[in-house]
Amino acid sequence: MTIIQDRTNRERVEDTLLTLLETDENGNSYRYFRASDLAEIGPEVSGAIAGSHLPQIEDDSPLSNGLIVERYNDTDCGPTLWIVRREKS
């Protein structure tokens, strides 16, 4: 098995969140996103995989890598908007 295959789906989502934050063109310390947006950044993460892990990642925030994931809004009429940011030192 390759290294990619050995990682869990949750680890893939966490890595994609880190990539999302680190690749901000404006150098912002936070990013807004929907679960489906992560599929565009990490080809091994689908919107469904991200959506199933984001609530638990939110509960476990801050993560060991310093990321905090929170719901920005939660509506019944569309996908949830999330925010990822770094924990303040």
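What to note about this one:
- Close pairs (6 angstrom Cβ cut-off, 6 or more residues apart or separate chains): under 14 Å from Arg31 (Cα atoms) and in contact (Cβ under 8 Å) with a residue 24 or more places away in the chain in region 60-89, loosely packed, with under 13 Cβ neighbours inside 10 Å and β-branched (Val, Ile, Thr) anywhere: none
- Within region 52-89, the only residue that satisfies the criterion of being modelled with pLDDT under 90 and of a type in the set (A, V, I, L, M, F, W, C) is Cys77.
- Residue satisfying all of: in region 14-30; of a type outside the set (Ser, Thr, Tyr) and under 17 Å from Pro55 (Cα atoms); surrounded by the fewest Cβ atoms within 10 Å (Cβ to Cβ) among these: Asp15
The values are calculated or read from the model by the stated rules, or taken from the named source; none is laboratory data. Just so it is clear, the structure is predicted and the values come from calculations on it, not from any experiment. Cβ atoms come from the backbone with ideal geometry, glycine included; neighbour counts cover every protein chain shown.
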